[in-house]
Amino acid sequence: MKIHLILTAAAAALALAGCGKGDAPADPVAGGEGAMSAAIGGDASAMQATSTIAANLAVSPNHKSLTAALTQAGLAQSLSGAGPFTVFAPTDAAFTQVPPVTRDGWMRPAQKAVLAGVLNYHIVPGKLTAADLSAKIAAGGGKAVLKTASGQDLAATKNGNAILLTSSSGNKATVTAADLTQSNGVVHVVDAVLVPTM
């Protein structure tokens, strides 16, 4: 079993390493244990499809910043609920792209509502798989508009085979690992923090 996990993680790492910064991203890793493994840094046993979104993010070594932010904003309990939810989960590397003064400001108790607004912008009520998102994009003539839990719109388009999200403030994030099934929805890992209109 350990050899299988190591080989799966190595294959995922090689596939992701082949994506140049200027190239259109390759197909995101889709579904199952291999996707979990790639999304959380190689330990698929840490994330389980039978656990909630909040529980799985809490054990992911690539989502420590997101987990801390969800706890600070009081949203971890919501993502432990029945759902279903679709969560676009920024990695720790995505959070480092946010200027430190902004990132630190979000984590202050006085900014709890602002932080909750940013995080709710990454949550769409209902379960939308990559296939669902692609179908909505096709039906919309190349663009789907998703209504987030914050009440603001989030645009989804395709960049090659990858799903590209554009926030209401204009910044973009690419889905790098799709269809991580959870007991109360689905997680799609993204490479940037989406910033709504403030």
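The values are calculated or read from the model by the stated rules, or taken from the named source; none is laboratory data. Since the model is a prediction, treat every value here as computed from it, not as a measurement. Note that each Cβ is placed from the backbone with ideal geometry, even for glycine, and that neighbours are counted across all protein chains shown. For accessibility, only protein heavy atoms count, side chains too; no ligands or nucleic acids. Shrake-Rupley method; radii C 1.70, N 1.55, O 1.52, S 1.80 Å.
Below, the figures for the structure above:
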quantity: Matching residues in region 150-167 - criterion: being open to solvent by 50 Å² or more (accessible area, probe 1.4 Å) and not polar (S, T, N, Q); calculated: D153, K158, G160
quantity: T148, sole failed condition from (1) within 22 Å of T67 (Cα to Cα); (2) of a type in the set (V, I, T); (3) modelled with pLDDT under 95; calculated: (3)
quantity: Residue count for region 134-149, restricted to those that are within 27 Å of V114 (Cα to Cα), free of Cβ contacts under 8 Å to residues at least 24 places away in the same chain and either part of a helix (DSSP H, G or I) or open to solvent by 20 Å² or more (accessible area, probe 1.4 Å) (or both); calculated: 2
quantity: Cross-chain or 6+ apart pairs with Cβ under 6 Å, region 174-196 first and at positive phi, then surrounded by fewer than 23 Cβ atoms within 10 Å (Cβ to Cβ); calculated: D179/A30; D179/G31; D179/T129; D179/A130; G185/G83; G185/P84; G185/K127
quantity: Flag for S78 being surrounded by 16 or more Cβ atoms within 10 Å (Cβ to Cβ), modelled with pLDDT under 95 and hydroxyl-bearing (S, T, Y); calculated: yes
quantity: Residue list for region 56-68, filter: touching a helix residue (DSSP H, G or I) at 6+ places or on another chain (Cβ under 7 Å) and in a helix (DSSP H, G or I); calculated: L57, A58, V59, K64, S65, L66, T67
quantity: Complete set of residues in region 74-107 that are assigned to a helix (DSSP H, G or I), among the hydrophobic types (A, V, I, L, M, F, W, C) and touching a residue at least 12 places away in the same chain (Cβ under 8 Å); calculated: L79, A93, A94, F95, W106
quantity: Pair list, Cβ under 8 Å, 6 or more apart: region 111-133 residue in contact (Cβ under 8 Å) with a residue 12 or more places away in the chain, other residue surrounded by 15 or more Cβ atoms within 10 Å (Cβ to Cβ) and basic (K, R); calculated: L128/K136
quantity: Test: T71 is assigned to a helix (DSSP H, G or I), closer than 24 Å to A177 by Cβ, open to solvent by 50 Å² or more (accessible area, probe 1.4 Å) and without any contact (Cβ under 8 Å) to a residue 12 or more places away in the chain; calculated: yes
quantity: Of all residues in region 168-191 being outside any strand (DSSP E or B) and open to solvent by 10 Å² or more (accessible area, probe 1.4 Å), the one that is nearest to F85 (Cα to Cα); calculated: S183
quantity: Residue match in region 123-133 (condition: more than 17 Å from V189 (Cα to Cα), of a type outside the set (D, E) and open to solvent by 30 Å² or more (accessible area, probe 1.4 Å)); calculated: no
quantity: Test: residue in region 108-123 that is in a helix (DSSP H, G or I) and among the hydroxyl-bearing types (S, T, Y); calculated: no
